[in-house]
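The values are calculated or read from the model by the stated rules, or taken from the named source; none is laboratory data. No experiment lies behind these values; they were computed from the predicted model shown. Glycine gets a Cβ as well: all are built from the backbone with ideal geometry, and neighbour counts include every protein chain shown.
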Amino acid sequence: MGVATIDERAERGSGKARVLHGEANGRARQGAQVIEMQRRRLLSAMVEVLDAHGYEGATVARICKRAGVSRRTFYDLFDDREDCFIAAFELAIDRVGAHVVSAIESQVPVPGKNPGARATNWRVRLRASLVALLGFFEVESNIARLCLVETLKGGPEALERRRAIVETLAAAVDEGRAKAKGADPPPLTAESLVGGAVSVIHTRLVGQDRGTLLDLVNPLMSMIVLPYLGPAAARKELEQPVPILHATPEGSSGDIHASSDPFRGLPIRVTFRTVRVLDTIATRPDASNREIGENADVADQGQMSKLLRRLEKAGLIENHGEGQARGESNAWRITEHGHSVLHALGSGDG
């Protein structure tokens, strides 16, 4: 039996170190995924609790119970309820903004011009934005209430964020000044128009019999263009066909609505171990219980079997094997919902 040289021992040691380093990085990545998942669940729970109980009733206890997350985890991620509320508001604005931008950037036919040209006309862009905004709010009324109703009850930071958004909207509306016919509209025209539109939408949201928000597109467009383009243009807006609700803007990919949140209503807590199991199944289709357990460092096959069955019941994985009833191994594959969870957590499951 030969004696290993110093170089050989060093090479084996460095190889082992690389393996351990890779495993540590993998655990850190999956740990970060779990933290992000918990944060997303808390933000989603905040929106749902606000919708059910309003800002005053959105207690940390209710948010944690709805999310299935402990109070300790809540305070690890957020300073307090207001911090969570601001984060939920910012996420909602990002989603709404992405929806509106997608609508503007899509191929919107410009009247009297090439139907394939992008909309550069202020009036056309404004209508596309309003249709996208109200369509989103129609489908996701809880997001609408968060943005337009509950923010009025928040603290100074929430009110400041809301004010900044109104200013941005007013600036977009005031681009019509360059198209104005006749006398220049007064300085506060755009701010007044945005405030009036927000008030109308707010009233519809809190009312009992509000009808569809998309019914407001033509009246609001008429109100907005009147001081810039005159009565004739305002009448034309009222005569436009009432927009039809679409789940996503034409030409976009994927559903941007909150209802597509893969963690929403998930009947299982996604832990570090859960992520490792899902990762294993995603990268090794038709893996058996034992293979998954070995890769996910779950030595107890009884625990492994219980976890797999819970994931199956949650709709995250499915069994394509014969199973113990026929004396064969299970063959697990991840479902579309399971892929959505991993994708949301930034996993490299492809």
Please list, ordered by residue number, the helices (runs of 4 or more DSSP H) wholly in segment 1-77 having 3 or more residues that are at pLDDT below 80 and charged (D, E, K, R).
6-53
Give the residues of segment 136-160 that are over 17 Å from Leu245 (Cβ atoms), in contact (Cβ under 8 Å) with a residue 40 or more places away in the chain and surrounded by fewer than 17 Cβ atoms within 10 Å (Cβ to Cβ), sorted by residue number.
Lys153, Gly155, Glu157
Would you confirm whether or not segment 200-212 contains a residue that is buried (at least 18 other Cβ atoms within 10 Å of the Cβ) and free of Cβ contacts under 8 Å to residues at least 24 places away in the same chain?
yes
Which numbered condition Glu175 fails, given (1) farther than 17 Å from Arg127 by Cβ; (2) loosely packed, with under 15 Cβ neighbours inside 10 Å:
(1)
